[in-house]
Amino acid sequence: MILAKIIAVKKKELAALKKTRPPARLKALAAGMTEEKKSGSSGFAESLAAPGISLIAEVKKASPSRGVIAENFNPAILAREYQKAGAVAVSVLTEEKFFQGSLQHLKDVAAEINIPVLRKDFIIEEYQLYQSKIAGAQAVLLIARVLQEKLSDLLISCRELGLESLVEIHTEEELRLALRAGAKVIGINNRNLSDFSIDLDTTRKLSEKIPGDRVIIAESGITTARDIAYLKDHVSGFLIGEALMRAEDKSRKIEELFGNINSLALGGDCHCGEGLRPCQPGRCPAGSSGGGRLSGFYPGRKPPPVESRPAYQTDRRSKEGTSSRRLSGSGGSFSQPIPGSDQQDSWRRPA
């Protein structure tokens with residue numbers, strides 16, 4: 001199985017790295033950076049939870065299932081293009097042997113843009129969190145299937161280092177694990193890591209079991225506007241990699257994916273949602289002075305702030321037409337959250 005091979009290689013790599021860069025040394029460096037930045041959240045989860053569908057655009061050169069995706073590969077230029085096109089965060093593959101990534105790619109991206117950077121790798125221990133912090137990541141991917149009961153400890157370590165996290169799941173069992181560990185941003189991977197098959201219904205089914213105060217990101221297999229339309233009412237945003245990497249014009253591909261689903265603003269100087277192109281300074285029809293990030297591809301599933309949310313109604317719709325949960329017929333049917341979730345009692349059927 002490919003996942004087992006990747007983890008075996010990762011363990012060997014880390015053992016070798018620790019001989020030249022001891023964990024205590026890296027921990028001290030990472031802790032020093034944390035002390036310098038005590039301003040709170042990096043904005044990763046906050047950006048994803050903002051009104052509208054959010055995009056995490058991925059920088060990825062290759063994958064085990066597809067081989068080399070991008071021959072001409074410049075992570076910094078790609079990231080800059082993604083930010084200009086309106087992505088709220090950029091994901092960077094750093095796994096070397098199977099994805100041809102590197103921590104240097106992450107450093108280059110972090111130095112180029114001013115939106116959150118997510119390190120996407122097979123993280124199995126705290127040492128990699130130190131690496132991530134030092135390289136400039138604001139968030140890391142944690143795969144529930146890989147970490148199992150270690151997930152909770154690594155989430156605590158992330159908070160101590162000032163890192164946010166995207167906890168990836170693929171099954172109901174992994175979702176239970178993520179909820180017990182306190183994951184706030186949950187990525188539903190439509191790809192089965194055992195055989196690399198893809199099923200978009202994975203997101204639709206699992207999203208119905210996630211409490212309303214969590215941010216949900218759909219991952220893998222998102223290649224067309226039809227895919228976006230199929231999942232938009234179930235998620236807060238999308239992590240898209242291969243479809244963007246294969247596109248010659250990244251901005252045009254983003255517009256192709258999202259531009260026909262209600263109005264959206266594609267980054268630049270404004271995100272007022274008045275049109276497909278960014279407004280120029282002082283010329284925004286909504287009077288915005290410019291925000292520099294995309295916010296509002298489509299009014300999808302967005303949770304209220306944790307500290308102020310009311311009891312969550314699964315099929316409530318806002319006056320603006322924002323759907324927090326998919327309606328199922330006229331009876332408002334929905335799936336209950338998984339037992340063990342701390343939000344179980346806050347769910348109620350609308351009157």
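Taken together, the values in this text are just the output of simple stated rules run on the coordinates, not laboratory data. For clarity, every value in this text was computed on a predicted model and none was experimentally measured. Virtual Cβ from ideal backbone geometry, glycine too; neighbours counted across all protein chains shown.
In region 107-153, the inverse of the mean reciprocal separation of distinct Cα atoms equals 11.3 Å; this is its Kirkwood hydrodynamic radius.
A simple spin-label model places pseudo-atoms 7 Å from Cα toward Cβ; at residue 114 and residue 173 they are separated by 4.7 nm. Name the shape class, rounded, prolate or oblate, that the alpha-carbon gyration tensor gives for region 1-87, where a ≥ b ≥ c are the square roots of its eigenvalues, rounded holds for a/c under 1.5, and otherwise prolate holds if a/b is larger than b/c and oblate otherwise. It comes out oblate by the Cα gyration axes.
What pairs from 10/133; 10/150; 61/150 go past 20 Å between their alpha carbons? Violating the 20 Å limit, Cα to Cα: 61/150. When each of the peptides 17-28, 201-212 is scored by how many other beta carbons lie within 10 Å of its residues on average, the order from highest to lowest is 201-212, 17-28. Give me Rg/Rg_expected for region 169-264, where Rg uses Cα atoms only and Rg_expected = 2.2 N^0.38 Å with N residues. Here the answer is 1.11, to two decimals. Net charge dipole, region 106-178: roughly 160 debye, given to the nearest 20, about the Cα centre with Cβ charges of +1 for Lys and Arg and -1 for Asp and Glu.
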